[in-house]
1. Looking for something of a type outside the set (A, V, I, L, M, F, W, C), assigned to a loop (DSSP other than H, G, I, E, B) and closer than 25 Å to Lys280 by Cα - is there at least one such residue anywhere in the range 215-238?
2. Does Asp287 qualify as being open to solvent by 40 Å² or more (accessible area, probe 1.4 Å) and touching a helix residue (DSSP H, G or I) at 6+ places or on another chain (Cβ under 8 Å)?
3. What are the residues in the range 187-210 that are within 13 Å of the ligand (Cβ to nearest atom) and in a helix (DSSP H, G or I), if any?
4. What number of residues in the range 348-370 are modelled with pLDDT of 90 or more and acidic (Asp, Glu)?
5. Please give the number of the condition Asp309 fails out of (1) open to solvent by 40 Å² or more (accessible area, probe 1.4 Å); (2) within 27 Å of the chain's Cα centre (by Cα); (3) at negative phi.
6. Could you say which residue among Gly234, Gly243 is open to solvent by less than 60 Å² (accessible area, probe 1.4 Å), at pLDDT below 90 and not β-branched (Val, Ile, Thr)?
7. Residues that are over 31 Å from the mean Cα position of the chain (by Cα) and among the acidic types (Asp, Glu): find the helices (runs of 4 or more DSSP H) completely inside the range 1-103 holding 2 or more of those.
8. Among all residue pairs at least 6 apart or on different chains, which show Cβ distances below 8 Å where the first residue, located in the range 243-266, is not assigned by TED's automatic domain parsing to the domain that holds Val311 and the second is among the aliphatic types (A, V, I, L, M) and surrounded by fewer than 10 Cβ atoms within 10 Å (Cβ to Cβ)?
Amino acid sequence: MMKNRISDGADVPYFFRDLMAMITDVTEDEWGTPKDPSTKLTKENTLRTYAKRGFSKKFAESIVYRLSPEMFVKSLNTRPKAVIALLADDYKSYDSSTNATNVSKKLADCFVDIIRTAAGLVPQSEFERQRLMQQAYDLKMRFGEYLRDEADNVCTFPGCGRLLSVAENGVVSYLFEVGLIDKSKEAKVDNLLAFCPYCHATYLFDSNKKRCKELAGIKKILVAHKQSMRLLDGMPLEKEIIGVITKIKNLKEKDLLDPSLDPKDIKEKLIPDDNLALYKTVKGYVDTYYVTLKEIIESADKRGEIDYDEVQDQMKAIYKRLKKANKSNVEIFNEISEKVHKVSLQEDIYCQIVVAYFIAKCEVFDAVSE
Ligand SMILES: [Zn+2]
């Protein structure tokens with residue numbers, strides 16, 4: 001139907017590629033098409049077969065979690081009005097409620113459905129579908145808000161990144177579902193995640209063990225983060241830190257004081273091989289900012305803009321609490337940065353610079369014992 005209306009006479013393989021580019025960002029190299037590097041002809045023939053007899057399971061599986069019906073709708077809506085009207089007329093014979101306004105959405109849903117079916121990720125019966133819909137509804141009622149918050153309002157499915165609520169024209173709408181991670185286990189909060197409706201609908205019928213394990217790993221990180229947030233909840237941190245951060249933001253390279261005036265060896269606090277990324281990040285910030293930041297904080301303290309002793313004690317207390325809860329160094333660095341972010345509402349990168357400073361000052365992380 002779409003080939004008739006929007007292909008501009010292109011041949012099947014060309015149009016097929018076009019159609020795929022509308023619904024997924026998966027490139028042709030990653031498509032699960034039979035690997036025969038010998039000829040382009042094989043590929044073209046495969047695509048012709050797909051167009052005639054439907055997708056192979058492998059192909060559908062390679063794109064099913066990376067579909068973007070939103071993109072498909074947007075692309076269709078850029079076509080001439082007359083074309084959309086014709087498509088709507090065509091589709092009416094399948095769905096009588098179709099009109100020019102909703103045809104793009106209906107086609108997108110239909111396309112997603114075709115791909116999910118080819119991937120084998122659809123209910124076995126209407127009864128099963130209804131049972132699962134009811135279960136999802138119940139889970140959302142009971143755990144929805146908590147899990148959406150745990151997910152920080154972003155779909156937890158790897159590679160998705162869709163927001164779970166959007167504000168548009170002053171109206172907030174919540175677009176998410178709650179799904180079981182391991183479907184053979186109980187529907188308890190530690191076995192549940194918040195997903196966008198697309199990932200939820202696909203994963204609902206997926207019994208892939210590897211994917212289940214991947215989601216369990218994500219859940220673990222989210223739970224650990226939530227636990228840290230609870231630990232730090234109510235722990236004070238001087239909001240005057242904002243003044244310091246504002247100054248960091250405005251620093252130009254020429255404002256930086258010579259770092260060699262007070263060389264700090266981060267190796268005394270962090271072992272590079274424990275976590276190289278953390279070591280390099282902290283070292284980079286300390287090398288660049290330590291001396292300048294020390295000057296900024298000390299003069300702010302002198303002017304009474306910040307109570308430096310107080311901030312030092314608070315940082316130390318926050319660190320101790322996370323350390324006691326057996327958090328890793330990376331977790332500690334991230335959680336304290338986030339705490340600074342929460343207090344100041346300044347961008348993460350500046351908050352990390354502040355934390356790196358307190359690491360160099362020994363408030364955060366104990367000296368590495370020999
Ligand atoms: Zn998603």
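The values are calculated or read from the model by the stated rules, or taken from the named source; none is laboratory data. None of the values given here were measured: they were computed from a predicted structure. Cβ placement follows ideal geometry from the backbone for every residue including glycine, while neighbour counts extend to all protein chains displayed. When the accessible area is computed, the model is the full protein with side chains, heavy atoms only, and any ligands, DNA or RNA have been set aside. Shrake-Rupley method; radii C 1.70, N 1.55, O 1.52, S 1.80 Å.
1. Among the residues of the range 215-238, not one is of a type outside the set (A, V, I, L, M, F, W, C), assigned to a loop (DSSP other than H, G, I, E, B) and closer than 25 Å to Lys280 by Cα, which makes the answer no.
2. On the way: open to solvent by 40 Å² or more (accessible area, probe 1.4 Å): yes; touching a helix residue (DSSP H, G or I) at 6+ places or on another chain (Cβ under 8 Å): yes.
It is true that Asp287 is open to solvent by 40 Å² or more (accessible area, probe 1.4 Å) and touching a helix residue (DSSP H, G or I) at 6+ places or on another chain (Cβ under 8 Å).
3. Selection gives Pro197, Tyr198, Cys199, His200, Ala201, Thr202, Tyr203.
4. 1
5. Here Asp309 meets the rest and fails (2).
6. Numbers: Gly234 fails: open to solvent by less than 60 Å² (accessible area, probe 1.4 Å).
Criteria check complete, one pass: Gly243.
7. 81-92
8. none
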